[in-house]
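To start, the structure under review is shown below, and the notes come after it.
The values are calculated or read from the model by the stated rules, or taken from the named source; none is laboratory data. For clarity, every value in this text was computed on a predicted model and none was experimentally measured. Heads up, the Cβs are rebuilt from the backbone with ideal geometry, glycines too, and the neighbour counts pull from every protein chain shown. To get the accessible areas, we keep the full protein, side chains included, count just its heavy atoms, and leave off ligands, DNA and RNA. Shrake-Rupley method; radii C 1.70, N 1.55, O 1.52, S 1.80 Å.
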Amino acid sequence: MTPTDPLLPDVNVTLLRDEDRVVLFDTGAGPGFQEGTGLLPDALAAVGVRPEDVTHVVFTHCHPDHLWGVLDDFDDPLFLNAQHMMGRQEWDYWFDRNTVDAIGDERASMAVGARRRMETLAEGISFFEDGMEILPGVAARATFGHSPGHMSFELAQGSDSLMVLGDAVTNAHVSFSEPGWEMASDQDPTAAAEVRRRLLQYLSVEKMMILGYHLPNGGIGRVESVGSGYRFIPGT
């Protein structure tokens with residue numbers, strides 16, 4: 001990454017098809033965020049999924065590139081037949097009218113945009129807490145720090161497992177090699193760094209597959225311990 005060659009991170013929305021369930025983890029940014037976003041319906045169509053086929057939408061957190069795609073071009077819910085699900089702490093923070101004043105000028109527009117979309121979902125949203133099995137084989141794992149109630153999700157089937165990271169680990173290089181470094185993209189950089197350290201240690205010891213929202217090569221891979229840090233090994 002240089003001033004003339006900026007980092008353009010991937011956006012990997014996880015789709016889980018399990019029996020009669022079609023589950024999305026996050027919804028991208030939608031058409032109203034910035035150039036190059038709003039492509040989720042096209043991506044779903046490429047794998048034969050229509051928005052009305054989605055049965056569950058599960059959110060890691062409420063930042064724009066994870067939540068705002070829940071509405072279509074006309075500001076109507078995109079996934080009309082889906083049950084929408086979110087961690088209670090994350091919902092309470094962003095739905096609080098005081099958040100826009102407390103979050104700081106740089107993130108105030110994020111708070112306004114989040115609440116507007118959450119108001120559309122409010123009547124049908126369901127909530128969960130850390131450790132709950134929210135769907136068969138899908139367990140919520142608290143990874144607070146990047147946002148106040150950020151959740152990752154451990155998917156398990158038999159002896160196989162995969163962690164949907166969300167933004168608990170965001171950069172394929174620095175987040176792995178120096179997990180204790182604080183990053184400005186995290187709302188609580190100190191808490192987020194501690195979460196990264198513990199999470200990467202766990203994933204490397206367990207040799208668990210991961211899927212990172214902003215990691216390259218589709219975001220799928222493993223974590224390998226290297227010296228005092230780690231590295232991302234892409235692939236299955």
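Annotations
- Identified option (computed Kirkwood radius over Cα pairs in Å; candidates [x] 17.6; [y] 20.6; [z] 18.1): [z]
- Intensity falloff of segment 144-200 expressed as log10 I(q)/I(0), Debye formula with alpha-carbon point scatterers, at q = 0.15, 0.16, 0.22 Å⁻¹: -0.42, -0.47, -0.79
- Segment 1-150: relative contact order as a whole-number percent, Cα under 8 Å and 6+ apart: 19
- Each Lys and Arg adds +1 at its Cβ and each Asp and Glu adds -1 at its Cβ; summed about the Cα centre, the chain shows a dipole of about 580 debye.
- Accessible area of the chain divided out per residue, in Å², using a probe of 1.4 angstrom: 50
- Taking segment 156-236 and dividing mean pair separation by its residue count, relative contact order in percent (alpha carbons under 8 Å, at least six apart): 33
- Positive-pole candidate from Thr55, Gly28, Pro6, dipole of the chain, charges at beta carbon: Pro6
- Two-decimal log10 I(q)/I(0) for segment 1-120, as the Debye equation yields it once each C-alpha is a single scatterer, q = 0.18, 0.20 Å⁻¹: -0.96, -1.13
- Heavy-atom accessible area for Ile210, with the other protein chains in place and a 1.4 Å probe, reaches approximately 0 Å².
- Qualifying chymotrypsin sites (Phe, Trp or Tyr not before Pro) in segment 201-236, where qualification requires a DSSP coil assignment and no more than 13 other C-beta atoms within 10 Å, are lacking entirely.
- The relative contact order of segment 87-236 comes to 17 percent, based on Cα pairs under 8 Å that sit 6 or more residues apart.
- Cα centre as origin, Lys/Arg/Asp/Glu Cβ charges: segment 189-236 dipole, Debye: 40
- Solvent-accessible area of the chain (1.4 angstrom probe, protein heavy atoms only): carbon and sulfur portion equals 50 percent.
- In plain terms, if you count all Cα to Cα distances in segment 58-139 and split them into 10 Å steps from zero, the share in each step is 17, 50, 29, 5, 0 percent.
- Projected label points at Ser177 and Ser225, each 7 Å from Cα along the beta carbon direction, are separated by 2.0 nanometres.
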